[in-house]
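Here, each number is a calculation from the coordinates, and none is a lab measurement. Model, not experiment: these values are computed from the prediction. All Cβ positions, glycine included, derive from the backbone under ideal geometry; neighbour counts span all protein chains shown.
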């Protein structure tokens, strides 16, 4: 089928083109290459929308377009494109956010007179390219390659202001911590290849499908002697290592708050659409594989729930506006993991979408505030910005309502859906999920609290510093993205109002469910119906009958309670810090549960001695053998060379003796005597 | 016809004279002569067995050996001249600079 799908690779390649243009010609272009980036991401967005249209009229595409390593009696390594409802939706999200971030950068970088703009826009272009290619990857290895590229781009952009001390260090930390997770991912990719001989995501020859057949005993695969279920759990958890690193889940979340050292539009891109989203998207992409293993699902759900709670409590005490947002990101991705682990595939992808909109909005809003505050990020120096910057205020409020999960903003529908899924599957025979649900539920309260603490401190009350009294104005290129995202954050939740659909019995409200529940043909393995089937058959997930009203009211009530508490404490003309009331918990929270210290301790007193021992082994044993061999040669050489006296008759004697000896030996062996 | 062992004995005798010359004498010219003796001991064998088997290949080879010996003498004399120029002597035990 010719048509729009032939242009699918162009969605990713356009930003790559803008990367090249910005890198090589950016100096000579107006705006330092920004225009190329805007045009390219705009083109990607257009193509993604057209692809989306083609998918909605029933088109699907899986195409291998380049075999970059031909296997001889082994697997081929390929690059390919997989366009299905999930990836076409994600393509729109990524290209839209990237487009708006490019626009916003005009206000945040160009108007602020930054230098090094070509490098900045080249980084943005490469980042967008990597993420788009990752989204449309049709096999795990290609996904891994672009997963790594995404990590590299985040390194380049977080360390954009490399002349200051903090950003390069934060960039290195982000790179190393995610690399630690990716190490497991790489082993997982190799394990998938070794087990199934393919890494395709979709189709009858795909690895999730082969795994399903292996468990049913219809198709034998090499599981290294384990039970198939056990082995698939191990492989799934290995891949999950990469997900935990990239999506900043506990215990590899520590890089993300430090990544705030990068320019704010980059933070928006990282948190909303690219880097952090990649992890969760990967789990959704190979959900057919995870659904086979109840253990892996339970671990995902627990990590998610725990991360959601822990990150939310840390967000409560932060002073910088971007730090609060960073912890909220960790927490929200925890919810997505919880949703995926609890069997709420639709709920998690839904939250991935709504979160992309409202988190991009919040970061860009924070960027607008930071411009206004002359790059001061401390919320205790702000206050009263509501009247000075109404566009930013109202859009930021829309994003905050969505983040806190207040009806009817986007976050409410998706987060509530995740919690509901966890609850019904927990009640329906998987009681472990109830623990994860409880953590997620408590986190709702903290989310409401820190979100509105941030809003009140930033925008309400009296200005607490000179810059807050006379803020710097922002232009259309800042306001336009905010307005677009502000509207989306308000209404995006309406595409999938499952509670309303359940109550009225009218399933037209569940557009996203319908979207993901497609008639598949070859790609049937990626449909929601198949996932439901797998979850029930293999993971033993059954949904209990439960009205959505009570759990919905519960989480809404908790969010409102958090917001109300924040309103009581901080919506006053001269707010004061109330953190002292937390007692000793305050220090623990300020220090982020000593996670950084713990990891440094781990590095210094476990890894370092270990590597010292390895170094000793290397220097002593391995090098010792090598050096020993050479010193034996040297010593024997220095002794044996003494026979070279320079006296010719000696040589002649030796020659003659040698010849004689040879003759004697030959004679003895030949039996002459 | 003279039996082959006589020829072999003659060749061995000539060869051993050459070897002894090299082992016992110190004059480089004597060295050269001894080498010639050893070469010609081989030639005796070649020529005799050529005639013994009625085949001219051996005699042809002895001609090659003579040519080779001539070339060797030319080089040998040259070396001895250089030796004399550098060490004022043709005693081979004096020239001991080429060692470890």
Seminar exercise, completed: Taking Cα atoms, the helix A:390-404 axis meets the longest principal axis of chain A at an angle in degrees (rounded to 10) of 70 degrees
Exercise. Roughly speaking, what % of Cα-Cα pairs in the stretch A:561-629 are separated by over 21 Å, rounded to a whole number?
Worked result: 61 percent
Seminar exercise, completed: For chain A, the longest principal axis of the Cα atoms and the Cα long axis of helix A:166-196 enclose an angle in degrees, to the nearest 10, of 70 degrees
Problem set entry | Stokes-Einstein D in µm²/s, Kirkwood radius over Cα pairs - the stretch A:484-569 at 4 °C with 1.567 mPa s viscosity | 81 µm²/s
Exercise. Taking all pairs of different Cα atoms in the stretch A:92-214, averaging 1/r and flipping that mean, what Kirkwood radius in angstroms comes out?
Worked result: 16.5 Å
Problem set entry | Ranking of A:41, A:576 by count of other Cβ atoms within 10 Å, fewest first | A:576, A:41
For this session: Please report B:72, A:205 as a ranked list, fewest other C-beta atoms within 10 angstrom at the top and most at the bottom.
Result: A:205, B:72
Exercise. Per residue of chain B, what 222 nm ellipticity follows from adding -39500 (n - 2.57) for every DSSP H run with n ≥ 4, rounded to the nearest 500?
Worked result: -28000 deg cm²/dmol
Seminar exercise, completed: Taking a crude spin-label model, label points 7 Å out from Cα along the C-beta direction, the residue A:467 to residue B:17 distance in nm is 11.2 nm
Exercise. If one takes the longest principal axis of the Cα atoms in chain A, at what angle in degrees, from 0 to 90 and to the nearest 10, does the Cα axis of helix A:410-427 lie?
Worked result: 70 degrees
Exercise. Taking Rh as the Kirkwood radius computed over C-alpha pairs, what is the Stokes-Einstein D of the stretch A:200-345 at 25 °C in a medium of viscosity 0.890 mPa s, expressed in µm² per second?
Worked result: 153 µm²/s
Problem set entry | the stretch A:460-616: projected area of the alpha-carbon convex hull, averaged over directions, in nm² | 20.5 nm²
Exercise. So what is Rg over Rh here for chain A, counting just Cα atoms and using Kirkwood for Rh?
Worked result: 1.12
Exercise. How long is the gain from residue A:639 to residue A:180 if the chain were fully straight, where each residue apart is worth 0.36 nm and the alpha carbon distance is subtracted?
Worked result: 160.0 nm
Exercise. Percentage of Cα-Cα pair distances in the stretch A:242-299 greater than 15 Å, rounded to whole percent?
Worked result: 55 percent
For this session: Calculate the length of the line joining the C-alpha centroid of the stretch A:587-652 to that of the stretch A:292-351, in whole Å.
Result: 45 Å
Problem set entry | Within chain A, helix-based [θ] at 222 nm, where runs of 4 or more DSSP H residues each add -39,500 (n - 2.57), nearest 500 | -22000 deg cm²/dmol
Seminar exercise, completed: Each residue of A:643-656 has, on average, a number of other protein chain C-beta atoms within 10 Å of its C-beta equal to 5
Problem set entry | Coordinate range along principal axes, alpha carbons of the stretch A:1-110, Å, largest first | 52, 37, 21
For this session: Over the alpha-carbon set of the stretch A:27-73, work out the extent along each principal axis and list the three values in angstrom, largest first.
Result: 52, 36, 7
Problem set entry | Relative packing of A:357-366, A:656-665, which averages over residues the other C-beta atoms within 10 Å, highest first | A:357-366, A:656-665
Exercise. In whole angstrom, and with the biggest value first, how far do the Cα coordinates of the stretch A:476-525 range along each principal axis?
Worked result: 46, 33, 12
Problem set entry | Cα Rg, Dmax (largest Cα-Cα span) when computed across chain B, Å | 16.7, 54
Problem set entry | Test item: B:93-100 mean partner chain Cβ contacts at 10 Å | 5
Exercise. Packing-wise, with mean Cβ within 10 Å as the measure, how do A:267-273, A:298-304 rank, highest first?
Worked result: A:267-273, A:298-304
Problem set entry | For the stretch A:273-356, projected area of the alpha-carbon convex hull averaged over all directions, nm² | 5.1 nm²
Exercise. Could you give the Stokes-Einstein D for the stretch A:66-132 in µm² per second, using the C-alpha Kirkwood radius, 25 °C, 0.890 mPa s?
Worked result: 167 µm²/s
